[in-house]
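Everything on this sheet refers to the single structure shown next.
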Amino acid sequence: MNQQKQICEVIDLWKADKKQYVKKSSYAAYLLLTENHLLPAFGQKKEIEETDVQAFVLQKLDSGLSQKTIKDILIVLKMILKFGAKKKWTTYTPFDVQFPTVRESQSMEVLSRADQKKIMNYIQEHFTFRNLGVYICLSAGMRIGEVCALTWEDIDTDSGIINVRRTIQRIYVIEDGMRRTELILDTPKTKNSIREIPLSKDLLRILKPFKKIVNPSFFVLTNDAKPTEPRTYRSYYKNLMRDLKMPELKFHGLRHSFATRCIESKCDYKTVSVLLGHSNISTTLNLYVHPNMEQKKKAIEQMFKTLR
C-alpha cells in the first residue's frame with residue numbers, strides 16, 4: 001500500500017484530477033462543498049468511519065442544512081474516498097447513514113390558475129422585456145438561468161420553437177485561498193436540458209413582431225448584448241409579484257406552475273418530462289404526479305365496481 005495520506009491531501013489530489021473532466025460550474029460546486037464542510041470535519045483524518053459520517057450528518061441537520069444538501073455532500077465525500085482508495089492513499093468502506101424520518105411533506109409551491117391568468121394578462125398589457133421573461137417561464141417551464149441566457153436567435157418564430165441551449169449562473173471561484181464569484185454562460189444542467197419547447201399561440205403572437213427588428217445575438221430579457229444575471233432577475237420578479245399583490249412564490253414556482261398546468265391538462269408524463277428537461281421521468285413523477293382526493297375516490301369506486 002502507498003503511504004496513507006490525510007483526507008485534506010486526498011481532497012487536493014482529487015480536485016486536481018476532477019478539474020480535467022467536469023464543467024466549471026460543477027467543479028466550483030465541489031470546491032465549495034469541500035471547503036465549507038468536508039475539510040473542517042474530516043481534513044486532518046486519515047480514515048473515516050461510518051460513525052464519523054453519522055455524527056457529521058446529525059451535526060449538519062442541527063445546523064439547519066437540508067437533507068438534500070447533506071446527501072449532496074455525502075456523494076462528494078464518497079467520490080473522494082473511492083478515489084483515495086483506488087490510489088491506495090486511504091481506505092473506503094461503504095457507509096450506511098440514517099436520516100430522521102421527515103414527517104411533514106412539503107407542499108409544492110404553485111400559482112393558482114386565477115393568479116397565473118392575472119399575471120399573464122398583466123404582462124400582455126404592460127409589456128417590458130423583463131416581464132416577458134416571466135411570461136416565457138409560465139409558458140415554457142424554463143429555469144431562471146435558462147431564461148437569462150436566452151437570446152433572440154434561440155427563438156424560432158417560423159417553426160414556433162424555443163431552443164434551450166445555454167444557462168447563466170454565478171459560481172464561486174476559490175484561488176490561492178481567496179474567494180471571488182464569476183458569472184458564466186454554459187450548457188444547461190444535463191444533456192436532457194438541451195431541448196426544444198413549442199411556443200404557445202399567445203407567446204408566438206407577442207414574439208413575432210420583435211423577431212423582425214431585434215438583433216439576433218442580443219439577450220431577450222435585456223434586449224442588449226449584456227445579459228441580466230439570475231440574482232438580479234430574481235429580485236426584479238419578487239418586486240413584480242409584490243406590486244401585483246401575488247402570494248410569495250419563489251421564481252422556480254413558475255416552472256412548477258407550468259408543469260402542474262400540463263399535468264392538470266392530462267398531458268402524458270413523458271412529454272412533460274421532456275419539456276422540463278428532466279434527466280428521467282421518475283423526477284417528473286415524484287415532483288408533480290400526486291393523485292388528488294377526486295382521483296382517489298374514483299380509484300376506490302372502480303375497484304368496487306369490479307367486485308359487484
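The values are calculated or read from the model by the stated rules, or taken from the named source; none is laboratory data. Here the structure is a predicted model, which means the values were calculated and not measured. A quick note on method: Cβ atoms are made from the backbone with ideal geometry, for glycine too, and the neighbour counts reach across all protein chains shown.
At a glance:
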quantity	calculated
Residue in region 222-238 that is in a loop (DSSP other than H, G, I, E, B), within 24 Å of D186 (Cβ to Cβ) and more than 24 Å from the chain's Cα centre (by Cα) present	yes
So I80, is it in contact with a Leu (Cβ under 8 Å, 6 or more places away or on another chain) and β-branched (V, I, T)	yes
Q116 vs. criteria under 21 Å from F251 (Cβ atoms) and surrounded by 16 or more Cβ atoms within 10 Å (Cβ to Cβ)	yes
Within region 128-143, considering residues that are out of contact with any strand residue (DSSP E or B) (no Cβ under 8 Å at 6 or more places or on another chain) and β-branched (V, I, T), the one surrounded by the most Cβ atoms within 10 Å (Cβ to Cβ)	V134
Complete set of residues in region 207-221 that are over 22 Å from I184 (Cα atoms) and surrounded by 15 or more Cβ atoms within 10 Å (Cβ to Cβ)	L207, F210, K211, V214
Counted residues, region 28-63 - those being without any contact (Cβ under 8 Å) to a residue 12 or more places away in the chain and either among the basic types (K, R) or within 27 Å of E182 (Cα to Cα) (or both)	2
Subset of region 120-144 that is in contact with a Cys (Cβ under 9 Å, 6 or more places away or on another chain) and assigned to a helix (DSSP H, G or I) - its residue that is farthest from M246 (Cα to Cα)	I144
Pairs where the first residue, in region 1-22, is basic (K, R) and the second is surrounded by 14 or more Cβ atoms within 10 Å (Cβ to Cβ), C-beta under 6 Å, 6+ apart	K5/W89; K19/Y27
Residue among E125, E49, E146 that is among the acidic types (D, E) and surrounded by 13 or more Cβ atoms within 10 Å (Cβ to Cβ)	E146
Every residue from region 100-130 that is under 30 Å from Q54 (Cβ atoms) and either of a type in the set (K, R) or at pLDDT 90 or above (or both)	R103
Any hit, region 283-296, residues being of a type in the set (V, I, T), within 22 Å of T187 (Cα to Cα) and out of contact with any strand residue (DSSP E or B) (no Cβ under 7 Å at 6 or more places or on another chain)	yes
Residue selected from region 160-175 under the condition touching a residue at least 60 places away in the same chain (Cβ under 8 Å) and under 24 Å from K191 (Cβ atoms), by the criterion surrounded by the fewest Cβ atoms within 10 Å (Cβ to Cβ)	R170
Odd one out for L204 among (1) surrounded by 13 or more Cβ atoms within 10 Å (Cβ to Cβ); (2) over 15 Å from L132 (Cα atoms)	(2)
Pairs where the first residue, in region 221-238, is over 20 Å from I155 (Cβ atoms) and the second is of a type in the set (K, R) and modelled with pLDDT of 95 or more, C-beta under 7 Å, 6+ apart	Y236/R130
Hits in region 1-38 - residues which are farther than 21 Å from S66 by Cβ, of a type in the set (F, W, Y) and part of a helix (DSSP H, G or I)	W14, Y27
Hey, K270 basic (K, R) and not in a helix (DSSP H, G or I) or not	no
